[in-house]
Amino acid sequence: MLMSAVLNGGELSYKISGEGGGARTAFDFFTPQRFALGRFFGQIRYQEKNRNYDWLLQGNFRPELYLSTSTTAILTLNLKMQFLKKGRHFHWQFFFENKQQYLRLSENNFGIDVIQIGGQGIWPIRPGNILTLTTGYHARDFSGSFDNKIDALNAVLQWRKSIKGATRFVSGFYGETFDISSITSLTQFGNRDSNQGYRFGPEIGLMHKRNYVFNGIYRFLLHRSDITDTDAHEHHIRLLAGKLISRDWSLFFLLDYYIRDLSLENQDNINLLYTPIDTENRFYIKLERELDTRSTLFFRIDYLNEDLARQGVNYSGWQGTIGLSFRD
């Protein structure tokens, strides 16, 4: 189940995990129901590191099954590539990621295809200070019960400063232009089939890696588009923390949440409203016990809220699972 091999100076590794438990989840407009939940995760990764460059190729596979009076299933496939070229005064990297989801939620069956491609420049401008510029293109395409396609260009300028040992302060600015199209909106309402706009604003964060792990970032964005009011805005909060609480036990916490105030000028255009490329709002607490160097027992409590199209096509609720993971 688990192995690693060295190929031309790189390392090939495999990772799997399985978990099961219960969920109290609502799909679409329906009343929350109790489900038996099963989830499997598989990953294969090839990574190579040396003085001149790092590169990574990784594939993930994750099926989820919710069992009740009706069966709900979610399948997620992910492919990621990264290449980093190291220089004396400047590093640059290229990245590509493709994520595909197939969802069967009550009466709605559809797929989501996400592509992200871009590059990053990294400048160590003086000891303890790093400047990064990341630019990219991303696209998301819904298919099935409804259609909604997003094409976007974005850029992030970020400054990272070491302020105390293993702690770094992060500040930056994010900008994005987007184009959303939908045949559904045109055929159902006859008013428009596209929406163009842009999002921009500052971000701040704090990172620490020593006695514990903490990574937090907050982003505030002004939102301008053809169909939203002029005061539309967004907040994005991401917090990740972890700590070793004994020799074998670790505790982790994650919060990833979008807060959006996107009032529409015309409610008929709701299918053209912008939603983030990763639509899953989530919170979880995870307790892990290391069984040996290759296996871990874990307990997790999650809250998920996936708002897929602002059309009632979503799922949300609590989950509690117990699982085993095997790693290299």
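Right, PHE35: in a strand (DSSP E or B), modelled with pLDDT under 90 and aromatic (Phe, Trp, Tyr) or not?
Working: in a strand (DSSP E or B): yes; modelled with pLDDT under 90: yes; aromatic (Phe, Trp, Tyr): yes.
Judged against the criteria, PHE35 is a match.
If you scan the stretch 283-312, which residues turn out to be modelled with pLDDT under 90 and among the basic types (Lys, Arg)?
Correct list: ARG310 only.
Looking at the stretch 43-80, which of the residues that are surrounded by fewer than 16 Cβ atoms within 10 Å (Cβ to Cβ) and touching a Pro at 6+ places or on another chain (Cβ under 9 Å) is modelled with the highest pLDDT?
Step by step, filter the stretch 43-80, then rank; the result is LEU75.
Here's a check for you: in the stretch 101-112, which residue that is part of a strand (DSSP E or B) and surrounded by fewer than 15 Cβ atoms within 10 Å (Cβ to Cβ) is modelled with the lowest pLDDT?
Looking at the filtered set, the residue picked out is ASN109.
For the stretch 113-145, give me each residue that is farther than 30 Å from MET207 by Cα and at pLDDT below 90.
Residues satisfying the conditions are ASP141, PHE142, SER143, GLY144, SER145.
Six or more apart or on different chains, Cβ under 7 Å: which pairs go from a residue in the stretch 236-248 that's farther than 30 Å from HIS223 by Cβ to one that's part of a strand (DSSP E or B) and of a type in the set (Asp, Glu)? Could you list them?
ASP248/GLU290
The values are calculated or read from the model by the stated rules, or taken from the named source; none is laboratory data. Just so it is clear, the model here is predicted, and its values are computed rather than measured. Note that we place each Cβ from the backbone using ideal geometry, even for glycine, and neighbour counts take in every protein chain shown.
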